[in-house]
Structure formats: C-alpha cells, structure tokens
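Step one of this worksheet: look at the structure below.
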Amino acid sequence: MKIQNNKRSITIYGTMAVLLIAINYLLDLEFFETWEQYLPFIKKFILSLFLICIIFLISKIVAKIITAKDYLEGDSYNLLRIVRFLAIVLSLIVVAAFLLQNLVAAAVSFGLISLVLGFALQAPISSFIAWIYLIFRRSYLVGDRIQIKGFRGDVIEISYLDTSILECSGDYLVNDRTSGRVIRFPNSLILREEIINYSGFEAPFIWNETALQVAYTSDLQFIETCLLEAASRDFKEQYPKLVSKKHKNWEPTVYFRINTFAWMEAAISYPVEPKDTTDRRNRILRYALPLLNSEPDKVKFPEGTLR
C-alpha cells in the first residue's frame with residue numbers, strides 16, 4: 001500500500017512540476033504583456049510552487065526507495081519520518097523566501113522567530129529534541145515492546161512530539177496480552193526516565209520462567225528432563241528458523257527452590273519473544289504436564305488438603 005501511495009504521489013508531484021514550469025514559459029508570450037506589472041510576482045510564485053513540488057517529488061522518490069529496501073520496520077519508519085521532516089523544513093524555507101523576497105532575510109527572520117518561539121514552546125521543543133535523540137540513539141523502534149514510567153506496551157507510532165504504544169497487561173489483565181488501550185506520552189519523557197526495551201535489536205529474546213510445585217520425594221532428574229523436553233519441543237515448533245543456529249545462550253535450564261509452603265518448586269527458565277510470553281508458558285505446560293503425570297510414582301504434585 002505504501003509503495004502504491006508513493007507511486008501516485010510521484011506522478012502527481014511530477015505532473016504539477018511540469019505544468020508549473022510550462023506555465024512559467026507561457027507567461028513570456030506577448031498575450032500576457034498586459035499583465036506586465038504582475039508578471040514578476042506571478043513568476044516568483046510559480047517558481048516557489050515548482051521548487052516545493054520538486055522537494056516533495058524527491059522526498060517521495062526517496063521514500064519509495066526506503067520502502068522497497070529490506071530494512072527493519074522501525075528503521076524504515078524512522079527514515080521515512082526524517083525524509084518527511086526535511087521536505088517540510090525545505091518547503092517552509094522556500095515559502096519564507098518568497099514572502100520576504102530574500103533568502104538571507106528569510107533565514108534571519110526564521111532564526112528570530114525560532115528564538116521567540118523557543119521560550120514559548122519549551123515542552124514541544126524538548127519533545128522534538130527527544131525525537132532526534134530517538135532517531136540516532138535507537139532507544140526503541142516501532143514494533144518494540146517497552147516499559148517507561150509504569151507504561152508498558154508495543155510501540156505503534158513515534159511522531160515528532162510524542163510516542164504511542166499499544167498497552168499490554170494494564171489494569172484489567174494479569175498476563176502480557178495487549179489490553180486494547182493506546183497510551184500516548186511526550187517524547188521528552190525519555191530524557192528523564194529510564195526505558196526498558198523488551199525487544200532490543202541485538203537479541204530476539206527475553207527470559208521467562210514457569211514454576212511447578214512438587215514434593216521433596218519426587219524424582220528431580222525426571223522432572224528436569226520432562227521440563228527441558230517440553231521447552232525444547234516448543235522452541236523447535238515456534239522458532240524453526242533459529243533452531244539451526246544452536247545458540248548456547250538460548251538453552252533452557254531447570255532449577256529447584258524452596259517456597260514458603262511445604263513443597264519444592266521446579267522452575268524452568270527459557271528464552272521467549274516478548275510478545276509470546278503468555279502463549280509460550282501455556283504451550284510448555286501443555287507439553288510437560290502429560291509427561292509428568294504419566295509417572296505418578298516419580299512426580300508428586302500437591303493435591304487435596306496437602307497444599
């Protein structure tokens with residue numbers, strides 16, 4: 001859809017640029033001599049529109065190239081935002097130059113206006129500077145799951161002044177599924193709060209764990225084998241492209257600990273994609289429990305009043 005929109009925009013801006021330059025040449029005909037006193041103004045106006053069309057035409061061509069490339073979703077989003085921002089800034093400079101009839105005067109005026117607005121719009125400017133920081137620092141990208149100041153969710157938009165995330169967990173859920181609510185916060189928040197990124201671009205996984213209560217008289221070796229088998233089976237089924245890599249840091253582990261009750265906990269720690277934590281835990285339990293229940297003499301679970 002984005003590629004089609006870019007093609008349509010390229011056609012529109014290209015056609016407008018050709019028409020404007022044609023009109024500019026037609027104004028030199030004798031037919032328009034009666035408008036001689038207005039021609040300089042009209043030509044400058046047409047030239048300004050032509051430059052703006054060229055600026056947006058180039059921006060759409062660059063956007064088409066970016067969209068066609070195999071970039072990460074977040075990187076592609078940021079690049080498109082930068083291209084759009086530069087197109088707007090250059091267009092505003094052309095408009096200012098036309099209105100003031102002098103590029104130097106336009107630049108000076110732009111600087112003075114920026115100075116005045118800087119005091120009046122400190123919060124938006126701070127958020128805009130934070131957006132620039134986000135672009136270069138890559139603290140989070142579109143599609144990442146982040147947590148900041150108690151907000152947790154998946155980034156769906158990073159605009160020039162604020163960020164929108166699709167909340168997960170929230171007030172009504174106790175798992176990591178999305179709640180359906182959208183949280184929007186100013187970008188300036190990242191300059192004074194810590195950011196937890198569950199979807200860092202350097203690794204595809206975070207670590208999660210699931211614990212089961214078992215008796216001290218259970219066969220711990222058997223329990224460990226069953227849990228590891230369940231986790232490994234699910235990993236192969238859900239992440240088949242990563243199985244061949246055999247990354248030693250992705251190997252699940254089982255450890256045992258004492259809880260506050262009269263039972264021992266067998267906990268399996270495993271890698272999982274941030275958006276798959278709840279589902280992966282459920283799948284591991286569905287695979288592991290039949291194996292454990294098949295040997296009641298080796299695995300004793302709390303039941304009845306013995307909890």
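Each reported figure results from applying straightforward, stated rules to the coordinates on display, with no laboratory input. This structure is a prediction, so every number in the text was calculated from the model and none was measured. Please note: Cβ atoms are built from the backbone with ideal geometry, for glycine as well, and neighbour counts cover all protein chains shown.
Annotations
- On the beta carbon distance between ASN259 and ASN293, with R0 = 22 Å, the FRET formula returns roughly 0.55.
- ILE132/SER179 FRET efficiency (R0 30 Å; Cβ-Cβ; nearest 0.05): 0.50
- Cross-link check: pairs LYS7/LYS149; LYS69/LYS241; LYS236/LYS300 evaluated at a Cα-Cα cut-off of 31 Å; pairs beyond the cut-off: LYS7/LYS149.
- In sequence order, calculated HN-Hα J values of region 56-64 (Karplus, 6.51, -1.76, 1.60; Hz; x Gly/Pro): 6, 5, 5, 5, 6, 5, 5, 4, 5
- All distinct Cα pairs of region 206-293 go into the 1/r average, and the inverse of that average, the Kirkwood radius, is 13.5 Å.
- In region 169-245, the inverse of the mean reciprocal separation of distinct Cα atoms equals 17.1 Å; this is its Kirkwood hydrodynamic radius.
- Remark: region 280-295, residue by residue, has Karplus-estimated 3J(HN,Hα) of 5, 4, 5, 5, 4, 5, 5, 7, 7, 4, x, 5, 6, 6, 6, 10 Hz, where x stands for each Gly or Pro and the curve is 6.51 cos²θ - 1.76 cosθ + 1.60 at θ = phi - 60°.
- Annotation: average projected area of region 137-197 is 3.9 square nanometres, based on the convex hull of Cα atoms across all directions.
- Arranged from fewest to most other beta-carbon atoms within 10 Å of their beta carbon, TRP263, TRP131, TRP207 become TRP207, TRP263, TRP131.
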